[in-house]
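Throughout, read-outs are computed from the coordinates displayed, never taken from laboratory work. Since the model is a prediction, treat every value here as computed from it, not as a measurement. Ideal geometry is used to build each Cβ from the backbone, glycine not excepted, and the neighbour counts take in all protein chains shown.
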Amino acid sequence: MKTPLNSQILRSTSKLLSSATIAVALTALLANGLAINSQAIGAENQLRSRQSSPSVEQSRVMWQSKQAADPMPKRRSLVAQAAQGNVIDEMPSQPLVDSQVRQTGFYNGGCSSCGPVCDCGEVSCGVEPGYGYEVGCGAEYGEPGCGVEACSSCHGEPVCGMEAMGYQDASCGMESIGGAYCDSCGGGGCDSCCGVQTYPLFLPLLRVNWCRFDFFAGVQGFNGPMNFANVDGGNGPARAGSGSFGFYEGFNEGRSLKPLFGWDMSAQLGVRATQSNLSGAGFSDEQRDQVFITAGLFRRVDYGLQYGLVFDYLRDDWFYQADLTQLRGELSWKEHGCHVYGFQFMTSQSDDTSTTSVRDATGATFSSSISMESTDQYRLFYRRLLHNSGSWEAFAGWTDRDDGLLGASMTLPLRQKLALSAGATYLIPNEGTNSIGYQEESWNIGLGLVYRPGGSLGAGRYSRPMFDVADNGTFMVDRK
């Protein structure tokens with residue numbers, strides 16, 4: 001009876017031991033799995049934490065790589081380098097910003113970089129303070145100068161042709177509000193006309209780009225040797241004189257030759273018509289009509305050497321008829337700012353002889369002949385450039401007959417497209433007052449308005465006509 005009971009006890013103990021062993025093994029496996037899972041979660045959280053907030057070293061590496069990728073790294077000043085012990089022996093050269101080297105005398109031909117010029121939408125010499133800030137000789141933005149180039153790529157500045165706002169009195173080169181301007185100097189830059197359309201004339205044969213023109217009109221008074229007529233039937237000293245007063249009108253146009261020939265030069269063409277002595281004179285009942293034509297080439301720059309040469313033609317119809325020609329030139333130096341110094345000359349290219357029709361004191365009319373030619377003039381001048389393509393000029397000089405010359409002229413902008421033009425020229429005869437010097441005296445005074453359909457930048461910075469159309473001050477006539 002004992003043997004079976006012991007066997008049952010042994011079997012029960014064996015089962016209990018097996019169950020306990022299995023339970024312990026399962027518990028160990030479960031604990032091990034939980035530990036592995038916890039380690040994996042911790043590693044994942046640590047990885048996410050590193051990705052969301054990089055270390056200082058990683059940030060420094062990322063910033064350095066971004067700086068290294070900058071194509072134009074900022075240059076450190078010499079003072080900053082010397083403060084860190086980097087002392088240099090010589091001044092380093094300034095690196096070229098543009099890919100190509102441009103001709104000296106031009107800042108950029110347009111408005112893609114900042115540079116001091118005296119037109120094309122920049123603030124310049126003599127800008128009056130306005131709206132609580134002070135402006136000196138050049139707006140203080142980067143490198144100051146006599147005018148700071150206005151362009152879309154220079155620190156968000158206004159584009160080429162930006163107008164002066166309000167009543168601020170801008171100076172050399174600043175546009176005033178309400179006119180045409182260059183839209184970021186696209187295309188040909190400031191050499192191209194912006195904002196003014198071309199109008200068809202005699203469609204479809206001819207289209208005229210009116211923005212390249214200057215139209216002018218005004219009054220004039222002048223006198224010279226040709227205002228004295230021989231009343232004795234010969235060429236003796238018995239002469240009757242009468243000054244000339246009347247009106248003038250005309251146009252002047254300029255255009256760049258670079259698109260056609262690749263030259264950094266421009267051409268100009270202008271015509272002036274005058275009507276004087278509308279009520280006749282003491283020795284003639286005829287009205288005096290004149291036509292001047294000026295055509296030639298010139299080169300304008302932002303700084304440096306400027307030059308030009310034009311051909312002048314005069315048709316003079318009064319108590320005589322004459323066709324005369326001359327050459328007129330300028331050689332000048334334009335400073336970094338708004339000042340121009342130079343030399344001008346006028347030299348005769350032809351003379352003419354005409355039959356006159358003169359009435360004497362008794363009312364009798366007789367004829368004679370007269371020979372004439374233009375006066376050779378040589379002038380030294382100073383020109384000051386103003387805003388909106390304005391300027392004033394003073395000169396002194398001499399003639400080929402040892403006469404003296406004095407004069408001044410001015411183009412004062414009134415509005416974006418309108419300017420006041422005035423000028424005076426006086427020839428001091430070398431004959432003096434004790435002889436017939438008053439008959440050799442010459443002078444010319446003019447006052448008028450100039451209208452520019454394209455504004456001050458209509459013909460472009462370098463294509464505005466360098467020479468005014470000839471008048472009785474630049475084309476003086478004397479007896480031969």
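Legend: calculated FRET efficiency, residue 257 to residue 418, from the Cβ-Cβ distance at R0 = 25 Å, rounded to 0.05, equals 0.30. Using the Cβ-Cβ distance between residue 366 and residue 273 with R0 set to 30 Å, the FRET efficiency works out to roughly 0.50. In this label model, residue 396 and residue 430 are separated by 1.8 nm, measuring between points 7 Å along each Cα→Cβ vector. Volume per residue for the range 320-460 equals 166 cubic angstrom (convex hull of Cα atoms). Summarised in one figure, the compactness ratio Rg/Rh of the range 199-479, Cα atoms and Kirkwood Rh, is 1.00.
Centre-to-centre, using Cα atoms only, the range 317-340 and the range 242-303 are separated by 10 Å. The HN-Hα couplings worked out from phi for the range 220-225 by the Karplus form 6.51 cos²θ - 1.76 cosθ + 1.60 (θ = phi - 60°) are 8, x, 8, 8, x, x Hz, whole numbers, x standing for Gly and Pro. Here the Karplus curve 6.51 cos²θ - 1.76 cosθ + 1.60, taken at θ = phi - 60°, turns the phi angles of the range 347-359 into couplings of 10, 5, 10, 7, 10, 8, 10, 9, 8, 9, 10, 10, 9 Hz, with x standing for Gly and Pro.
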